[in-house]
Amino acid sequence: MSTNFFLENKGYKIINFLKINEINDLLTKISHQINKSIKKNEFNKKNLKYFHKKNISTFDYSKIINPKNRKISLDIKVFKKQIKNSKLLGLIKPYWGHSDVKIIWVGSAKKNQVETNKAGFRIARPKVKSDAATEHIDSYNEDEKSFLTIWIPLIGFGKNYSLKFYPGTHKTSHLKKNFEKKTKYISRVLKKNYYEKFNSIRPNLKPGQAIIFHPNLIHGGSKNNGSHTRISIEVRLFNKKKFNIKKTFNKKLVN
C-alpha cells in the first residue's frame, strides 16, 4: 500500500459538506423510501430520530434494511455542487491525478445491485449492536485508487453516534486469512482477533460534516450509544477513468 495518500496517514478526513436544508432534504427522501418499503405512512424527516420507538414488526424492519430498498436517488446536479463547494475535488485530484468521479450505489456486486447516482442509507437504533455492521473494509478489488467513500450522518453527530475507524489501517495489506469466510454482510468482514490489534477512534462530528475515507481502511462495529436513532448515508465516489463494471468488482473478493 502506498503511503502517499491525500487523506493523511489516518486514512480518513473530516470535511464540511452539507447545509441544514440539504440534510432535511435527504431525510425526507429516506422517510419516503422507508414508507414505500413497508407500504405505510409512518415516517417523515421530523420523526425519523424516533424510529426505534415505532412499533415496527420484524418483517417490516427486514424489508426496510434490505439492500435493494435501503437506497435513495441523488439529485446529481445538487450533489456535484455540494462536492465542489466542499473542495473535495481539490483533495481527490492529487491522489487520482484527476477529479472525474462517478457516483455508484452498490448493494451486492454479485447480485448485480449496482446503480448510478444513488446512495445507501443506514439506520442504527440506540444500543442495538446488530444494527451496526461489524469491522470490515470496503474494497471491491486490489486497486486502492478505484473509489472513495463519504459517510454522512444526518441524525446523530457526536462520538456516541459516529462511525468507528481504525486510523492508519489503510496502509496495511489485510491478508485473506484475517477475513471471515461467511457472513451476512456484503462487505469483507474481518476477524475479531485481527482488528483488535489496531487502535480505533470515533470522530466527533458536527451537523453538516462528513468523513471521506479510503476503501482499505478498517471501520465498523459502531454501535449507536446515543438516545436517538442514527441515520446516515454513504456515497461511493468511483474513479471515472478506472471504472469498469466487470473489472471494478472482483467477484472473488465481494459478496
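The values are calculated or read from the model by the stated rules, or taken from the named source; none is laboratory data. None of the values given here were measured: they were computed from a predicted structure. Positions of Cβ are generated from backbone atoms using ideal geometry, with glycine treated the same way; all protein chains shown enter the neighbour counts. Heads up: the accessible areas ignore ligands, DNA and RNA and are worked out on the full protein's heavy atoms, side chains in. Shrake-Rupley method; radii C 1.70, N 1.55, O 1.52, S 1.80 Å.
Within the stretch 160-178, the set of residues being hydroxyl-bearing (Ser, Thr, Tyr), buried (at least 21 other Cβ atoms within 10 Å of the Cβ) and assigned to a loop (DSSP other than H, G, I, E, B) comprises TYR161, SER162, TYR166.
If you go through the stretch 207-228 and keep only what is closer than 23 Å to PHE51 by Cβ and either within 17 Å of the chain's Cα centre (by Cα) or in a strand (DSSP E or B) (or both), you end up with PRO207, GLY208, GLN209, ALA210, ILE211, HIS219, GLY220, GLY221, SER222, LYS223, ASN224.
Residues in the stretch 105-131 that are under 12 Å from the mean Cα position of the chain (by Cα) and crowded, with 21+ Cβ neighbours inside 10 Å: TRP105, VAL106, ALA119, PHE121, ILE123. Condition test on ALA124, is it small (Gly, Ala, Ser) and either under 24 Å from ASN16 (Cβ atoms) or touching a Cys at 6+ places or on another chain (Cβ under 6 Å) (or both)? Answer is yes for this residue. Residues of the stretch 179-190 that are part of a loop (DSSP other than H, G, I, E, B) and open to solvent by less than 70 Å² (accessible area, probe 1.4 Å): THR183, TYR185, ILE186, SER187.
Checking each residue in the stretch 212-255 for being modelled with pLDDT of 90 or more, in contact with a strand residue (DSSP E or B) (Cβ under 8 Å, 6 or more places away or on another chain) and open to solvent by 60 Å² or more (accessible area, probe 1.4 Å) picks out LYS223, LYS240. Evaluated against (1) at pLDDT below 90; (2) open to solvent by 30 Å² or more (accessible area, probe 1.4 Å); (3) of a type in the set (S, T, N, Q), THR134 falls short on exactly one condition, (1). Just one of the listed residues (PHE157, PHE51) is part of a helix (DSSP H, G or I), at pLDDT 90 or above and either open to solvent by 20 Å² or more (accessible area, probe 1.4 Å) or among the hydrophobic types (A, V, I, L, M, F, W, C) (or both), namely PHE51. Selection of the stretch 76-90 for residues being surrounded by fewer than 15 Cβ atoms within 10 Å (Cβ to Cβ) and part of a loop (DSSP other than H, G, I, E, B) yields only LYS87.
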